[in-house]
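Worksheet: one structure, shown below.
Read the figures in this text as sums done on the coordinates, not as results from a lab. Bear in mind the structure is a predicted one, so any value in this text is a computation, not a measurement. In this analysis, Cβ positions are derived from the backbone assuming ideal geometry, glycine residues included, and neighbour counts consider all displayed protein chains.
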Amino acid sequence: MKKLVLAAALTAAASTAFAGAPAEPIIEAPVIVEETQSSSGGIILPLLLLIVVAAAVSD
């Protein structure tokens, strides 16, 4: 009977020792912020070129 109680006590002690295992740390990916260009910046040059060509053709 003593061996059965001792085995039960050791089993209970061993199961609680591993019950609170530390969790793996959660590492978040770094956030990358890229600067964007204004959409109007790419259209101004072609519009100016079109105005210059139209003025040259009309003369």
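Brief remarks on what is shown
- Sorted peptide list for 23-36, 42-55, criterion being average Cβ within 10 angstrom, highest first: 42-55, 23-36
- With the simple model of a label 7 Å out from the Cα in the direction of the Cβ, ILE44 to MET1 spans 9.6 nm.
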